[in-house]
Amino acid sequence: GEDVEQSLFLSVREGDSSVINCTYTDSSSTYLYWYKQEPGAGLQLLTYIFSNMDMKQDQRLTVLLNKKDKHLSLRIADTQTGDSAIYFCAESGMNSGYSTLTFGKGTMLLVSP
Amino acid sequence: DAGVIQSPRHEVTEMGQEVTLRCKPISGHDYLFWYRQTMMRGLELLIYFNNNVPIDDSGMPEDRFSAKMPNASFSTLKIQPSEPRDSAVYFCASSSTGTAYEQYFGPGTRLTVT
């Protein structure tokens, strides 16, 4: 079945760039997503990229997709303490005729002042 | 829109008791998903509905778990009888039929079974 892998933890200093990496196995993935979860809250969709794109930029967020290597990354420029959270990579695959999401286990980002 | 609404936010119960978790999806969304999140297993899809009909319940752990969606604006996830290993955060999410399949999550219900 599908599998999504992420590193578990990343620590950066405020103002630096953060890069969170993800690999997936399903070559038929149509969309790939990044979700953010703050403590005690649900998952919030940050951004997504269609599988035929290489890059998507949205303010401080840059998503890079290497479809050949099945590698997805999220770069956060000028990381702030408010960016501290768990970041989930997810991919959409077909299940019973509808595209369900398969999530990685999440990367905890800790931003220190 | 208020987003996906879940209740209660926290539930503490004793082993053997029945637990009912509730969800109100975003108005107009025709898909509803129930997930369970634990440290060990991450985020697991339990079941999802389309137009109030259960489509795939292969993620439901066992017969103690059941889910219903009596109408487009309400769903329940019931555990009977509950066990300590059911302790987790349960999320409800909804989405509309579209091209990007993005899902919108509720704040979750933290369930503790003692």
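The values are calculated or read from the model by the stated rules, or taken from the named source; none is laboratory data. Predicted model, so just to flag it, every value in this text is computed and none were measured. Glycine gets a Cβ as well: all are built from the backbone with ideal geometry, and neighbour counts include every protein chain shown.
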Check your understanding: Which residues, taken from segment B:89-114, are touching an Asp or Glu at 6+ places or on another chain (Cβ under 9 Å) and either outside any strand (DSSP E or B) or more than 11 Å from chain A (Cβ to nearest Cβ) (or both)?
Key -> B:Ser94, B:Ser96, B:Thr97, B:Leu111, B:Thr112, B:Val113, B:Thr114
Point to revise | Residue that is surrounded by the most Cβ atoms within 10 Å (Cβ to Cβ), among those in segment B:45-74 that are in contact (Cβ under 8 Å) with a residue 24 or more places away in the chain and over 26 Å from A:Lys105 (Cα atoms) | key: B:Met69
Practice item. Could you please tell me which pairs satisfy a Cβ distance under 9 Å, a separation of 6+ or placement on different chains, a first residue in segment A:28-45 that is within 8 Å of another protein chain (Cβ to nearest Cβ) and within 14 Å of A:Cys89 (Cβ to Cβ), and a second residue that is surrounded by fewer than 17 Cβ atoms within 10 Å (Cβ to Cβ) and among the aromatic types (Phe, Trp, Tyr)? Key: A:Tyr31/A:Phe50
Check your understanding: Which one of these does B:Leu45 not meet: (1) more than 14 Å from chain A (Cβ to nearest Cβ); (2) assigned to a strand (DSSP E or B)?
Key -> (1)
Practice item. Report, by residue number, each residue of segment B:24-42 that is within 11 Å of chain A (Cβ to nearest Cβ) and either at pLDDT 95 or above or within 29 Å of A:Glu5 (Cβ to Cβ) (or both). Key: B:Tyr31, B:Phe33, B:Tyr35, B:Gln37, B:Thr38, B:Met39, B:Met40, B:Arg41, B:Gly42
Point to revise | Condition met for A:Gln44 (within 15 Å of the chain's Cα centre (by Cα) and not aliphatic (A, V, I, L, M)) | key: yes
